[in-house]
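I have a structure I would like to understand better, so I am pasting it below and will then ask my questions one at a time.
No lab work stands behind these numbers, since they all come straight from the coordinates. Not measured: the values here are computed from a predicted model. Positions of Cβ are generated from backbone atoms using ideal geometry, with glycine treated the same way; all protein chains shown enter the neighbour counts.
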Amino acid sequence: MRIAAKKAAGGEDRDKAQRKIEAIETERTWKIQDLVAKYRLTLQTEPIALVRIETKAPIFWLALKRRKGRRSFPLTYNPLVKALDPFPCEGCFYPKKAPFVCDDRLHLVCPGCFAACPQCGKEICRACRPRGCPKCKPEPERGRAVREKGETGP
């Protein structure tokens, strides 16, 4: 009987300790919320001046050649930062550091826009083919007006 009484007392101690831990965590949460509310800052900023800088920036025309294709692409030098402006990706329009050149139309694209098709593995330029791989994607469904006329596909 003594062992059963000790086990019952041990279970009560565990429940009591668990309730204390929960009370401490709840109290901590309330204190953090009070501190955040007490020391919260609300800042409002207003512009006081606008500076417009006009400067001449040289533009260099870069001739891209790949196989039989050729394309001129502007490359600008920024005199304020004393560096060449990064090439913008022609697929997503974000400036990236390492451009790829597509084979079809010589687009400069980033690695994300010049990715391999997950189905066939062919590299696709997202600027040339925004809908994806022409081999793996099915042809778009012809319009309703064409079907109503009774024309069939090729």
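Under the classification rounded if a/c is under 1.5, otherwise prolate if a/b is larger than b/c and oblate if not, where does segment 59-125 fall, given a ≥ b ≥ c as square roots of the Cα gyration tensor eigenvalues?
oblate
Please compare each pair in LYS16/LYS38; LYS68/LYS122; LYS96/LYS122 to a cut-off of 27 Å on the Cα-Cα distance and tell me which ones are over it.
Cα-Cα > 27 Å for LYS16/LYS38; rest within.
Based on the Cβ-Cβ distance of CYS133 and LEU62, what FRET efficiency does E = 1/(1 + (r/R0)^6) give at R0 = 30 Å, to the nearest 0.05?
0.55
So, one more: How far is the Cα center of segment 14-54 from the Cα center of segment 120-134, in Å?
48
How would you classify segment 16-134 from its alpha-carbon gyration tensor, with a ≥ b ≥ c the square roots of the eigenvalues: rounded for a/c under 1.5, else prolate if a/b is greater than b/c, otherwise oblate?
Because a/c hits 1.5 or more and a/b fails to exceed b/c, segment 16-134 counts as oblate.
Turning to a different aspect of this structure: Report the GluC sites (Glu not before Pro) located in segment 12-102 that are in a DSSP loop and have at most 10 other Cβ atoms inside 10 Å of their Cβ, or state none.
Sparse-neighbourhood loop GluC sites (Glu not before Pro): GLU54.
Sticking with this structure for a sec: Could you rank the peptides 42-53, 102-113, 118-129 by their average count of other C-beta atoms within 10 Å per residue, with the highest value first?
The packing order, highest mean first, is 102-113, 118-129, 42-53.
If you don't mind, there's one more thing I want to ask. Gain in length, LYS16 to THR76, computed as 0.36 nm per residue apart minus the alpha-carbon separation, to one decimal in nm?
14.4 nm
I need LYS56, LYS96 ordered by Cβ neighbour count within 10 Å, fewest first.
LYS56, LYS96
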